[in-house]
1. Given [x] -0.41, -0.96, -1.28; [y] -0.23, -0.69, -1.46; [z] -0.75, -0.90, -1.15, which label gives log10 I(q)/I(0) by the Debye sum over Cα atoms at q = 0.10, 0.17, 0.24 Å⁻¹ as computed from the coordinates?
2. Could you work out the local net charge near F63, counting Lys and Arg as +1, Asp and Glu as -1, over the other residues with Cβ closer than 14 Å to its Cβ?
3. Give me the percent of the accessible area of the chain that comes from carbon and sulfur atoms, probe 1.4 Å, all protein chains in place.
4. Enter the accessible area per residue of the stretch 1-65 (Å², integer; probe 1.4 Å; all protein chains in place).
5. Taking the alpha-carbon centroid of each part, what is the distance from the stretch 53-67 to the stretch 10-35 in angstrom?
6. What distance in nm separates the two pseudo spin-label positions at A23 and N7, each 7 Å out from Cα along the beta-carbon direction?
7. On full extension of the chain, what length is gained from A73 through T60, given 0.36 nm per residue of separation minus the C-alpha to C-alpha distance?
8. Could you tell me the calculated FRET efficiency between I40 and L81, based on Cβ-Cβ distance and R0 = 25 angstrom, to the nearest 0.05?
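The values are calculated or read from the model by the stated rules, or taken from the named source; none is laboratory data. Since the model is a prediction, treat every value here as computed from it, not as a measurement. Neighbour counts are summed over all protein chains in view; Cβ atoms, including those assigned to glycine, are modelled from backbone coordinates with ideal geometry. Surface accessibility is based on the protein's heavy atoms, side chains included, excluding ligands, DNA and RNA. Shrake-Rupley method; radii C 1.70, N 1.55, O 1.52, S 1.80 Å.
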Amino acid sequence: MKEYFYNKEYKYMYFSNICYSFANALIETFGTVMLYKNGIPIWLILIIYGLRFGITGICTPLFITISSRLGIAKCILISNLFSIITSYMILDDSNII
């Protein structure tokens, strides 16, 4: 266990996972606040997150099927690209409605 914990590359990998999780928590927390502050009504925010939950529930089995064909790394890359696009849409100052 020491060889994994004290290895420099593994430390960077653990640190990057912690930073990535913290950033996602901030986006999830303040993303809703930013939508509300931009003037989007609560019912529309609930629909957005409801659709997101539904799409996630549908896409999880598809992800397993696609990742067995394409590989995990390509699927994670596609997922990160979608996260970047979502963050840009939230942070964009234009009117979504």
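1. So the structure-derived entry is [x].
2. On the way: positive: R69, K74; negative: none.
Combined, the nearby Lys, Arg, Asp and Glu give +2.
3. Numbers: 6060 of 8350 Å².
Ligands and nucleic acids excluded, carbon and sulfur give 73 percent.
4. Values: 5600 Å² over 65 residues.
Using a 1.4 Å probe on heavy atoms only, each residue of the stretch 1-65 averages 86 Å².
5. Cα centroid of the stretch 53-67 versus Cα centroid of the stretch 10-35: 21 Å apart.
6. Distance between label points: 2.4 nm.
7. Numbers: separation 13, 0.36 × 13 = 4.68 nm, distance 1.57 nm.
Working it through step by step, the gained length comes to 3.1 nm.
8. Numbers: r = 24 Å, r/R0 = 0.96.
E(calc), rounded to 0.05, equals 0.55.
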